[in-house]
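Peer 1: Could you have a look at this structure, given as structure tokens, before my questions?
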Amino acid sequence: MHLFILALSLLPWIPAFLCGVTTGKELAVMEGQSLTVPCLYEPQYASYVKYWCQGRTREFCTSLARTDDPRSANPSEDKVSIFDDPVQLVFTVTMNNLKEEDSGWYMCGVEIGGMWSADVVAFTNIKVIHGMSVVNSQLSGEEGSSVTAECVYSERYRESEKKWCRSGDWSSCLQTGSEGSYEDTSVAISDDRTRTFTITFKKLQMRDTGWYWCSAGQQQIAVHVLVTSRPTTTAVSVTSPPTARQSVAYLPPPKPIIKGSWSSQSHILEPLMVCASVMLLVGLAILAKKLWKLHNPQYPLLEKDPVLATKARLKKCSGDVGDLQNTAVIFIDKDSQDIHMYGA
């Protein structure tokens, strides 16, 4: 009997353990910003009423929005709104303009109803913090382009002066004035006086690479900027004539000498071959003369006496002209006009 009563007392809690709702265990949001919380549920709860309440227990949970309340359907205007998507099996809760006092425990709930069934719920802890954050802590761009950093601050720093400083050089800090803006030829800063101020590099240069600080009041957050070099093209257009500098830089490599290339050089080679042949013949003639002198012992005498030289030449030709031994040879001396006769 006692076991039966214990089982009946635990029955309302069984659905919460077997199947229910899930969401994030702990969420953090910057003061002054909005937060959207997804609550996922099982298919059997698609047609049930969903709700969002603030509190740590189901018995003491203050209802903030319900899907059956039309006043909780505008996320852009209402402090808290709720929307159910039974196709995706999720309902979402949006909380706007959060304050630090909004921190605490909240609950996603599916209303089951009935005395023997408890609601299906999931708890989450929301922390509203103050300070600063940045949309993107790593920025990069090509040289000459522009990039923008977005720094977000909490409500209490709305009226604080905003700064943009290069890390390690506090003298480089650029500050927003009374109008919440600053601008020069390279940087522009703008504060919307709600929760965001932006820093835009108008024309990046390589020296802009480095770490920077967004600052509001005593709060700071780091941002890294990386500037990459602009790619250069080295291709030379085929249609446009090359400049003198390009002609030197892009000369084609020398062509190897092949068999067919001799024909194109024939106008140079032919005179050279003729000249070489003549020189060879002259050299051979000189060499033959020297050899003849060396092997003829009478050459010194014949060189001194022209008569003997003539007789020697005639003797060689005796086979053709007959016997010339009795031939007389007359020599005339120009100076004395005397006639000298030699016999064989």
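Peer 1: Counting only residues that are touching a residue at least 40 places away in the same chain (Cβ under 8 Å), assigned to a loop (DSSP other than H, G, I, E, B) and small (Gly, Ala, Ser), how many does region 179-236 have?
Peer 2: 2
Peer 1: Further, regarding this structure: Confirm whether Ile268 is β-branched (Val, Ile, Thr) and modelled with pLDDT under 60.
Peer 2: So Ile268 fits the description; yes.
Peer 1: Which one of the conditions (1) under 20 Å from Glu142 (Cβ atoms); (2) open to solvent by 60 Å² or more (accessible area, probe 1.4 Å) does Glu183 fail to meet, given that it meets all the rest?
Peer 2: (1)
Peer 1: Related question: Sort out which residues of region 26-55 are at pLDDT below 90, in a loop (DSSP other than H, G, I, E, B) and in contact with a strand residue (DSSP E or B) (Cβ under 6 Å, 6 or more places away or on another chain), and write them in order of number.
Peer 2: The one that is at pLDDT below 90, in a loop (DSSP other than H, G, I, E, B) and in contact with a strand residue (DSSP E or B) (Cβ under 6 Å, 6 or more places away or on another chain): Glu31.
Peer 1: State the number of residues belonging to region 87-109 that are open to solvent by 40 Å² or more (accessible area, probe 1.4 Å), assigned to a loop (DSSP other than H, G, I, E, B) and either in contact with a strand residue (DSSP E or B) (Cβ under 9 Å, 6 or more places away or on another chain) or among the polar types (S, T, N, Q) (or both).
Peer 2: 5
Peer 1: Between a residue in region 135-154 that is over 15 Å from Ile189 (Cα atoms) and touching a residue at least 12 places away in the same chain (Cβ under 8 Å) and any residue that is open to solvent by 70 Å² or more (accessible area, probe 1.4 Å) and hydroxyl-bearing (Ser, Thr, Tyr), which pairs come within a Cβ distance under 8 Å, given they are 6 or more apart or on different chains?
Peer 2: From region 135-154, the pairs are Glu142/Ser229; Glu143/Ser229.
Peer 1: Oh, and also: Identify all residues within region 187-225 that are open to solvent by 20 Å² or more (accessible area, probe 1.4 Å), at pLDDT 90 or above and touching a His at 6+ places or on another chain (Cβ under 9 Å); write none if there are none.
Peer 2: Within region 187-225, Thr209, Trp211 meet the criteria.
The values are calculated or read from the model by the stated rules, or taken from the named source; none is laboratory data. None of these values were measured; they are calculated from a predicted model. No Cβ is skipped: glycine too gets one built from the backbone with ideal geometry, and neighbour counts run over all protein chains shown. All accessible areas refer to the heavy atoms of the entire protein, side chains included, with ligands and DNA or RNA removed. Shrake-Rupley method; radii C 1.70, N 1.55, O 1.52, S 1.80 Å.
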